Structure formats: structure tokens, C-alpha cells
Amino acid sequence: MLPPVIETERLVLRGHAAADLDACAAMWGDPDVVRHIGGVTQPRDRVWLKLLGYIGHWHALGYGYWVARERGTERFVGEVGLADFRRDLAPSFDGAPEAGWALASWAHGRGFATEAMRAVLAWGDEHLGVARTVCLIDAGHAASVRVAEKLGFRPWAETTMQGAPVRLFERPRP
């Protein structure tokens, strides 16, 4: 399945393409972006594999991540979507799509994550037929917790991932 194009008031969400590598690599190479997403910048070759994985996710599962660009300017905003990363965590949330968002540092604090993820979740509610979606947030990332709460996610559990504390949130299908 090819990802649909979704337009919001300020954004265009579309599937990843090879031409997105430079913008994605710049974002994942920014310490401000990864501070609460593993804490380590990603080299270009690793971002390339991530990009290929996003493309493959749609083909394998019928859902995945989108590239978010600003309407009118086409400026790269970030990556948003739903995924099944097959995380080895306890408690497990296998079978529930995991919502996620990562934005270029220039886009932080402008409401883009909430706007994009509202559209993503609406698409998921309409097309996936799952009982709930989940998200995983670094325990110290207050901004992402606020986004999750605006989207209807509620705390569900706390655990660790790669030795770091994370909070799990869930959102029942409306």
C-alpha cells in the first residue's frame, strides 16, 4: 500500500521518498531533536535505513510514517505516523499501532506535532479498525507528554527502554 497524502491547515503529510534523505538526516543529526529520543544523533547511513524501513512499513502493514512538510513553502517539518516496531518491552503493546512524532528543531513549540498527529490518528481510526493506539515517551519529555494528552492519550504504564525510563500512553479508539 502507498501512503495517502493528508493535508491539514498548515501541513502536507506524504510518504517518504529517497529525496527526503538530506532533510531526514539533518533532523536526526540534531542533538536538540534526539535529546528525548534515545539521546544519540544518527549518522546518514543509519537514517537511510530508517527511511527505507518507513517505506517498507507501508508495504508490509498498510500503515506507517509520513514526512510532514509545511504547506506553501514545502519546508521539512518532521516525521509522524503509526508503526509496529516490535519493541521488546514489558508490558507489551504488540498489536496496537504505536504513534510517534519527531520534528526538526525549528518546528518545535509551534503546534505542528499536535496538528499532524490529529490527522494521522483520524486516518488510523478510519482505516485500521484497532481498539487502541499507544505511544512511548521519554519520562522527562514534558512537551511530548502535552502533545499526547491533547491527542487523547492517557498514562498507562512506566517501564525502561535501553536503560532509560519511559512512559507508555494509550488512546482508545473513539
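In the list 33, 40, which residue meets the criterion of being without any contact (Cβ under 8 Å) to a residue 12 or more places away in the chain and either buried (at least 17 other Cβ atoms within 10 Å of the Cβ) or in a loop (DSSP other than H, G, I, E, B) (or both)?
None of the others qualify; the one that does is 40.
Quick one: would you say residue 110 is part of a helix (DSSP H, G or I), of a type in the set (Lys, Arg) and closer than 23 Å to residue 6 by Cβ?
No, not satisfied.
For the stretch 60-71, does any single residue satisfy the condition of being in contact with a Cys (Cβ under 7 Å, 6 or more places away or on another chain) and within 26 Å of residue 141 (Cβ to Cβ)? Give the steps one after another, and end with the answer.
The initial filter retains those residues of the stretch 60-71 that are in contact with a Cys (Cβ under 7 Å, 6 or more places away or on another chain), namely none.
Scanning the stretch 60-71, I find no residue that is in contact with a Cys (Cβ under 7 Å, 6 or more places away or on another chain) and within 26 Å of residue 141 (Cβ to Cβ), so the answer is no.
With (1) touching a strand residue (DSSP E or B) at 6+ places or on another chain (Cβ under 7 Å); (2) over 24 Å from residue 47 (Cα atoms) as the list, and residue 75 as the residue in question, which single condition is left unmet?
Checking residue 75 against (1) touching a strand residue (DSSP E or B) at 6+ places or on another chain (Cβ under 7 Å); (2) over 24 Å from residue 47 (Cα atoms), the one that fails is (2).
Select from the stretch 113-129 the residues that are open to solvent by 40 Å² or more (accessible area, probe 1.4 Å), under 20 Å from residue 1 (Cα atoms) and either assigned to a helix (DSSP H, G or I) or modelled with pLDDT of 95 or more (or both) and list them in ascending order.
Of everything in the stretch 113-129, those that are open to solvent by 40 Å² or more (accessible area, probe 1.4 Å), under 20 Å from residue 1 (Cα atoms) and either assigned to a helix (DSSP H, G or I) or modelled with pLDDT of 95 or more (or both) turn out to be 122, 126, 127, 128.
Report yes if some residue within the stretch 141-158 is of a type in the set (Ser, Thr, Tyr) and either part of a strand (DSSP E or B) or open to solvent by 80 Å² or more (accessible area, probe 1.4 Å) (or both); otherwise report no.
No, because not a single residue in the stretch 141-158 is of a type in the set (Ser, Thr, Tyr) and either part of a strand (DSSP E or B) or open to solvent by 80 Å² or more (accessible area, probe 1.4 Å) (or both).
Within the set of pairs 6+ apart or on separate chains, which have a first residue in the stretch 1-12 that is outside any loop (DSSP other than H, G, I, E, B), a second that is of a type in the set (A, V, I, L, M, F, W, C) and exposed (fewer than 12 other Cβ atoms within 10 Å of the Cβ), and C-beta atoms under 8 Å apart?
Short answer, once both residue conditions are applied: 12/5.
Return the only residue of 129, 152 being within 26 Å of residue 62 (Cβ to Cβ), without any contact (Cβ under 8 Å) to a residue 60 or more places away in the chain and over 16 Å from the mean Cα position of the chain (by Cα). Steps first, answer last, please.
Working: 152 fails: over 16 Å from the mean Cα position of the chain (by Cα).
Of the residues listed, the single one that is within 26 Å of residue 62 (Cβ to Cβ), without any contact (Cβ under 8 Å) to a residue 60 or more places away in the chain and over 16 Å from the mean Cα position of the chain (by Cα) is 129.
Name, by its number, the condition in (1) open to solvent by 70 Å² or more (accessible area, probe 1.4 Å); (2) in contact with a helix residue (DSSP H, G or I) (Cβ under 9 Å, 6 or more places away or on another chain); (3) touching a residue at least 60 places away in the same chain (Cβ under 8 Å) that does not hold for residue 62.
Residue 62 satisfies every listed condition except (1).
With respect to residue 91, is the statement that it is in contact (Cβ under 8 Å) with a residue 60 or more places away in the chain, surrounded by fewer than 17 Cβ atoms within 10 Å (Cβ to Cβ) and not charged (D, E, K, R) true?
Here the answer is yes, as residue 91 does meet what is asked.
Is it the case that residue 72 is under 16 Å from the mean Cα position of the chain (by Cα) and of a type outside the set (Val, Ile, Thr)?
Criteria not met by residue 72.
For residue 139, which of the numbered conditions (1) among the hydrophobic types (A, V, I, L, M, F, W, C); (2) in contact (Cβ under 8 Å) with a residue 60 or more places away in the chain; (3) more than 16 Å from residue 70 (Cβ to Cβ) fails to hold?
(2)
The values are calculated or read from the model by the stated rules, or taken from the named source; none is laboratory data. If you're wondering where the values come from, they're calculated on a predicted model, not measured in any experiment. Every residue, glycine among them, receives a Cβ derived from its backbone with ideal geometry; neighbour counts consider all protein chains shown. These accessible areas exclude ligands, DNA and RNA; they are computed on the full protein's heavy atoms, side chains included. Shrake-Rupley method; radii C 1.70, N 1.55, O 1.52, S 1.80 Å.
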